[in-house]
Amino acid sequence: MKEVVILGAGYAGLRALHVLQASKEAFHITLVDRHSYHYESTSLHEVAAGTQSKEKITYDIQDVVDSQKTTFLEDEVTKINRDSKTVHLKSGKELTYDYLVVSLGFQSETFGIPGASENALQMVDIDSAVKVNDHLKEKMAEYAQTKNEDDLKIVVCGAGFTGIELLGALVESRPSLAKIAGVKPEEIQLYCIEAVTRLLPMFDEKLGNYGIDHLVDWGVHFLTGKPIKEIKPGSVVYQVDKETGATEELAAQSIIWTTGVSGSHVMADSDFEQRRGRVMVSSDLTDPSHSEVYIVGDVSAVMDKESNRPYPTTAQIALKMGDWAGKNILRQLKGEATQPFTFKSLGSVASIGNTHAFGVVGKTPVKGYPASFIKKAIMDRSLFETGGVKEVLSKGRFDFYH
Ligand SMILES: Cc1cc2nc3c(=O)[nH]c(=O)nc-3n(C[C@H](O)[C@H](O)[C@H](O)COP(=O)(O)OP(=O)(O)OC[C@H]3O[C@@H](n4cnc5c(N)ncnc54)[C@H](O)[C@@H]3O)c2cc1C
């Protein structure tokens, strides 16, 4: 019997699993993930800020596994050997495949900035998001004892999509953090340090400014055009003058790193031709040198012919790629030709807290409360596409405004 191995049970991996499990063809699937649960990466900032519980954005992978067809292994992938068609796991196990779906997702990218990995908090999975929240609460509790102003300062490094969404959630969690510290919400100081001056380039300037202006009105201090040079324990060093290289330092006890992500290190460790953990795939989403290896989601780069640049890595495209890879494997199993991947973005919406959002749906700009409703509908659709009706219902996600 043919063996299909799926590495990673994120958006892309579970979508591929769903398509493959629905087939009547006889083959076996092995799904591997380092966690026993699936988590919605698009809501990690809410867990970090404490506005959402981790239970609400996770579910057991076994819930979506058809045990007649699929074996789930909770293990860590360390290396893929495409010549021998094997996958090495941390436990020492070795898997053999006929078809492989690599969907190992993203990791934090520090761009070699000194101290970024050691001295800033990351937000890349459930454990790290929970750690951010625990840290914030700990610093607030410390302030209540020490009255050290730096305990009340939170710095978000990077004003990309993730950084902006995190700032929105932090604004919302300020009252509960303030309660722990015994201060007024506005005494908790939120900063964002960013290298570029034109923020959120995926949106037109007016729309991007809508979100930024709201955050500024809510008390967020933006330091833009200030490349971060170093993260020290308890402070961020950033450049203030390009000509002279002069720097300044902002002291803060909570520093959160959201400047960017790369694809999983497993791609480089396995000698894929990759850049920042992403492989430029063939038109049918396979590895250019191995037609039985599909590379999907954040470990993959697909050219957008319109912009002549790779599509941005998002959950939206990851779901579509997982779906496509599953269908192409079914075609290959039947001896048919694979089909080239096509993608049309439905737009993107950034949340700034629970009741505000802004973005573009199709070509239409959306803002404010209606946009936040659309954002929640998008998140529920993603949950539906990986977990089905059962997970959407069990998470109580029809209650849009928690
Ligand atoms: C805070 C935040 C907000 C975001 N908001 C949006 C948004 O609004 N819209 C949008 O479209 N995108 C958004 N994104 C981007 C989106 O989350 C990613 O593009 C998406 O998660 C990629 O899906 P994926 O399936 O490739 O990987 P992931 O969802 O990251 O899944 C990867 C899976 O692989 C597993 N894994 C990783 N390494 C190993 C290993 N070595 N061994 C075993 N298992 C492993 C992980 O446990 C995980 O289950 C956001 C991201 C963040 C962080």
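Inspection of the range 82-93 identifies no residue that is more than 8 Å from the ligand (Cβ to nearest atom) and within 19 Å of the chain's Cα centre (by Cα). Just one of (1) in a strand (DSSP E or B); (2) away from the ligand (no atom under 16 Å from the Cβ); (3) not small (Gly, Ala, Ser) trips up residue 340, so point out which. Only one criterion is unmet by residue 340, namely (1).
Among the criteria (1) surrounded by 14 or more Cβ atoms within 10 Å (Cβ to Cβ); (2) not in a helix (DSSP H, G or I), the one residue 215 does not fulfil is (2).
Can you find even one residue in the range 79-93 that is under 25 Å from residue 27 (Cα atoms) and touching a helix residue (DSSP H, G or I) at 6+ places or on another chain (Cβ under 8 Å)? Taking every residue of the range 79-93 in turn, at least one turns out to be under 25 Å from residue 27 (Cα atoms) and touching a helix residue (DSSP H, G or I) at 6+ places or on another chain (Cβ under 8 Å). Checking each residue in the range 7-33 for being more than 10 Å from the ligand (Cβ to nearest atom) and in contact (Cβ under 8 Å) with a residue 60 or more places away in the chain picks out 17, 18, 19, 20, 23, 25, 27, 30.
Can you find even one residue in the range 277-296 that is closer than 28 Å to residue 115 by Cβ, outside the structural domain of residue 136 (by TED's automatic domain parsing), at pLDDT 95 or above and under 24 Å from the mean Cα position of the chain (by Cα)? Yes, because at least one residue in the range 277-296 is closer than 28 Å to residue 115 by Cβ, outside the structural domain of residue 136 (by TED's automatic domain parsing), at pLDDT 95 or above and under 24 Å from the mean Cα position of the chain (by Cα). Tallying residues that are surrounded by 12 or more Cβ atoms within 10 Å (Cβ to Cβ) and on the phi > 0 side of the Ramachandran plot within the range 233-252 yields 1. As for the range 102-112, it holds at least one residue that is part of a loop (DSSP other than H, G, I, E, B), more than 29 Å from residue 333 (Cα to Cα) and either polar (S, T, N, Q) or without any contact (Cβ under 8 Å) to a residue 40 or more places away in the chain (or both).
Applying the criterion of being basic (Lys, Arg), outside any loop (DSSP other than H, G, I, E, B) and more than 23 Å from residue 224 (Cα to Cα) to the residues of the range 119-169, the residue that is farthest from the chain's Cα centre (by Cα) is 139. When 318, 350 are checked against the criterion of being buried (at least 20 other Cβ atoms within 10 Å of the Cβ), more than 24 Å from residue 266 (Cβ to Cβ), touching a residue at least 40 places away in the same chain (Cβ under 8 Å) and among the hydrophobic types (A, V, I, L, M, F, W, C), a single residue qualifies: 350. Residues in the range 39-59 that are under 10 Å from residue 170 (Cβ atoms) and of a type in the set (A, V, I, L, M, F, W, C): 48, 49.
Let's see how each residue does on (1) closer than 30 Å to residue 168 by Cα; (2) in contact with a Lys or Arg (Cβ under 7 Å, 6 or more places away or on another chain); (3) not aliphatic (A, V, I, L, M):
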position: 27; (1), (2), (3): no, yes, yes
position: 35; (1), (2), (3): yes, no, yes
position: 62; (1), (2), (3): no, no, yes
position: 65; (1), (2), (3): no, no, no
position: 71; (1), (2), (3): no, no, yes
position: 98; (1), (2), (3): no, yes, yes
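Before we move on, is residue 76 within 14 Å of the ligand (Cβ to nearest atom) and of a type in the set (Asp, Glu)? In short, yes. Kindly indicate the residue of the range 258-276 that is within 11 Å of the ligand (Cβ to nearest atom) and not polar (S, T, N, Q) and also nearest to residue 143 (Cα to Cα) among those meeting that condition. In this case the residue turns out to be 260. Within the range 306-318, work out how many residues are more than 8 Å from the ligand (Cβ to nearest atom) and either touching an Asp or Glu at 6+ places or on another chain (Cβ under 8 Å) or closer than 14 Å to residue 285 by Cα (or both). Here the count works out to 2. Scanning the range 12-40 for residues that are in contact with a Gly (Cβ under 9 Å, 6 or more places away or on another chain), among the small types (Gly, Ala, Ser) and surrounded by fewer than 24 Cβ atoms within 10 Å (Cβ to Cβ) returns 22, 23.
Among the candidates 36, 53, the residue that is under 30 Å from residue 155 (Cα atoms) and under 22 Å from the mean Cα position of the chain (by Cα) is uniquely 53. Between a residue in the range 363-379 that is modelled with pLDDT of 90 or more and any residue that is within 12 Å of the ligand (Cβ to nearest atom) and in a helix (DSSP H, G or I), which pairs come within a Cβ distance under 7 Å, given they are 6 or more apart or on different chains? Qualifying pairs under 7 Å: 366/374. Residue by residue through the range 195-205, note down the ones that are touching a residue at least 12 places away in the same chain (Cβ under 8 Å) and either touching a Cys at 6+ places or on another chain (Cβ under 8 Å) or surrounded by fewer than 19 Cβ atoms within 10 Å (Cβ to Cβ) (or both). Within the range 195-205, 195, 196, 197, 202, 204 qualify. When the range 282-305 is filtered for residues that are assigned to a strand (DSSP E or B) and more than 13 Å from the ligand (Cβ to nearest atom), the ones remaining, listed by number, are 286, 287, 290, 291, 292, 293, 303, 304. Starting from the range 131-152, keep only residues that are surrounded by fewer than 15 Cβ atoms within 10 Å (Cβ to Cβ), then list their pairs with residues that are polar (S, T, N, Q) whose Cβ atoms are within a distance under 8 Å, requiring at least 6 positions of separation or different chains. Cβ pairs passing all conditions: 148/253. Going through (1) among the basic types (Lys, Arg); (2) free of Cβ contacts under 8 Å to residues at least 60 places away in the same chain; (3) within 16 Å of the ligand (Cβ to nearest atom) one by one, residue 226 falls short only on (3).
The values are calculated or read from the model by the stated rules, or taken from the named source; none is laboratory data. Everything quoted here is computed from the prediction, not taken from an experiment. A quick note on method: Cβ atoms are made from the backbone with ideal geometry, for glycine too, and the neighbour counts reach across all protein chains shown.
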